[in-house]
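A short reminder: the numbers here are calculations on the coordinates, not readings from a lab. As the structure is a computational prediction, the values presented were derived from the model and not from experiment. No Cβ is skipped: glycine too gets one built from the backbone with ideal geometry, and neighbour counts run over all protein chains shown.
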Amino acid sequence: MACVGTGGKMKNHYRCFWFLMFLTVFLIIPTGSAFSGTGAVSVDSGGHAWWFWPVILFFVTFVMGIFAVLGGVGGGVLYVPIISGFFPFHLDFVRGAGLLVALSGALAAGPGLLKSGLASLRLAMPVALIASICAIAGAVIGLALPTNIVQISLGITIIAICFLMLASKKSTYPNVQKSDHLSSILKIYGVYYDESMGEEIEWKIHRTPVGLILFIVIGIMAGMFGLGAGWANIPVLNLVMGAPLKISVATSKFLLSITDTSAAWIYLNKGCIMPLMVVPSIVGIMSGSIVGVRLLKIAKPTFIRWMVIGILGFAGIKALLKGLGI
Amino acid sequence: MAEIKTIDESVLENQYRYASVLGKGMYLGLLALLATFTIYTLGLLDSYIPFEKLSSCWNMPVSEYLHLNHVPQGWGWIKLVGYGDFLNFIGISILSGTTILCYISIIPGLLRSKDYLYTFIAIAEVLVLVIAASGFIAAGGH
């Protein structure tokens, strides 16, 4: 009975998301037509009705949400290079929307991850303090620099992320012989229940000072480019600091809810938030993620991962060329 | 593994409290965002920047866009919240402000358990986020 109940609940959950998804599209298109119908059809510089790009944005972010889950990357890292490279929106608005997309995903996942014990608040808090201060600095720098410089740097960063994804290894249970002094003072250790193994796993971390220094760089990049920083958080938490992979993935996702909040406020206060971009993107990527989770059972992760790296590489090159004016 | 100590009950308590506030804030923010977006796109309230005009300036740098449309920076949007487009900022602000409330909610628990180091971290994080939200940090334009 419990199973049936859970299944029913899940079905309602999916129905709710599908409803939101179609609501978003159908809200944009008919109102777009209605408003255009008041006079001559208004078009943008590319010759499209005003609602054309937000609708396309919704569908692209929906697909992006699927690939993000299947490829094991956050939505933000795909969003900024792809939308800034192939859509008419200025990079300032794309970065603002990118942060809110990553933030919404992290906020949605955060409560469950914390309650399950997979995300560790104690591990996240010191890291988040450093990363959020640096994300603010990154946002200020990113908004002060000329667009082409940011676009070039974004292109280089995205291409570097591709190499990082290709080269980085993961360690499910890193061998941490002894906690370092700082993590002992901060009492960063824990226990979680690993369902796949059916046992409780105790964990602790090491090399905390090195990890915290690396989060300075991660924070600056997250704020500067409006990227969610899961691609960097996970290797640092897992490979450098020695947190188990599941703890690293979950804490990284939760961490984005803090880091991206600080940078998002800077973009929000600067006026870089356009609701007509933000809402279709958030609903699109969240709906796509729901579908992605369902497809995860049948998809071939290695192939999808290669595909995501390919798409990212292409978007990175496009961003680089756009920045260079080519 | 002998080094592992028992997880303090108060640590879990704070984690659950944080999760609970985070969950409520997230739902409230998303709900507000969808409700206000519906009002905006259905045209139930006038838009400060008409859709047609918006599509002709979303490819501009933000400074140019703000200047052209006379859009205020920082919390100036509150004065324009009667317009459909700026109404959406209520949901966006709730989503962006939830983390601040989460941190505030765990400070009493941290103090009760005499966890002064994490109390300091939590207060520092609240200050950082409040300063970011305040609009006092001037970001340059281009």
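Hey, what D do you get for region A:92-241 in µm²/s if you plug the Kirkwood alpha-carbon radius into Stokes-Einstein at 37 °C and 0.692 mPa s? Could the numbers behind the result be given before it?
On the way: Rh = 16.8 Å.
Taking Rh from Cα pairs, D becomes 196 µm²/s.
Translational diffusion coefficient of region B:27-87 (Stokes-Einstein, Kirkwood radius from Cα pairs, 37 °C, 0.692 mPa s): 264 µm²/s.
Restricting to DSSP loop positions (anything but H, G, I, E, B) with no more than 13 other Cβ atoms inside 10 Å of their own Cβ, which GluC sites (Glu not before Pro) remain in region A:133-225? Could you put the intermediate results ahead of the total?
Details: sites: A:E195, A:E199, A:E200, A:E202; in loops: A:E195.
Those satisfying the criteria are A:E195.
Summarising the overall dimensions of region A:198-246 from its C-alpha atoms, the Rg and Dmax are 12.5, 42 angstrom. Set the bar at 22 Å for Cα to Cα. Now go through A:K246/A:K318; A:K169/A:K300; A:K204/A:K300; A:K270/B:K53; A:K115/B:K24 and name every pair that lies beyond it. Check vs 22 Å cut-off fails for A:K246/A:K318; A:K204/A:K300.
The simple spin-label model puts a point 7 Å past each Cα toward its Cβ; for B:L117 and A:H48 those points are separated by 5.2 nm.
Mean Kyte-Doolittle hydropathy of 0.0 or higher plus an axial Cα length of 27 Å or more: which whole DSSP H helices in chain B meet both?
B:9-41, B:84-112
With neighbours defined as other Cβ atoms within 10 Å of a residue's Cβ, the residues A:M197, A:M125, A:M241 order from fewest to most as A:M197, A:M125, A:M241.
Tell me the net charge near B:I39. Cut-off is 13 Å between Cβ atoms, B:I39 excluded, with +1 for each Lys or Arg and -1 for each Asp or Glu.
Numbers: positive: none; negative: B:D46, B:D85.
Net charge around B:I39: -2.
Divide the volume of the convex hull around the Cα atoms of region B:9-134 by the residue count and you get 114 Å³ per residue. Remark: the A:N148-A:L164 segment gains 3.4 nm on full extension, using 0.36 nm per residue and subtracting the alpha carbon distance. Label positions at A:S171 and B:K79, each projected 7 Å from the Cα along the C-beta direction, are separated by 5.7 nm.
A simple charge model with +1 on the Cβ of Lys and Arg, -1 on the Cβ of Asp and Glu and nothing else charged puts the dipole of region B:9-134 at about 240 debye relative to its Cα centre.
Annotation: for a label point projected 7 angstrom from Cα along Cα→Cβ of B:A124, residues of region A:105-137 with backbone N closer than 12 Å are A:125-134.
Please go through region A:160-220 and write out the trypsin sites (Lys or Arg not before Pro) that DSSP classes as loop and that have at most 10 other C-beta atoms within 10 Å.
Numbers: sites: A:K169, A:K170, A:K178, A:K187, A:K204, A:R207; in loops: A:K169, A:K170, A:K178, A:K187, A:R207.
Of the trypsin sites (Lys or Arg not before Pro), the ones in loops of region A:160-220 whose Cβ has at most 10 other Cβ atoms within 10 Å are A:K169, A:K178.
As a ratio to 2.2 N^0.38 Å, the alpha-carbon radius of gyration computed for the protein assembly as shown takes the value 0.95.
Whole Å is fine, so just give me how far the alpha carbon centre of region A:164-197 lies from that of region A:260-292. Here the answer is 31 Å between Cα centres.
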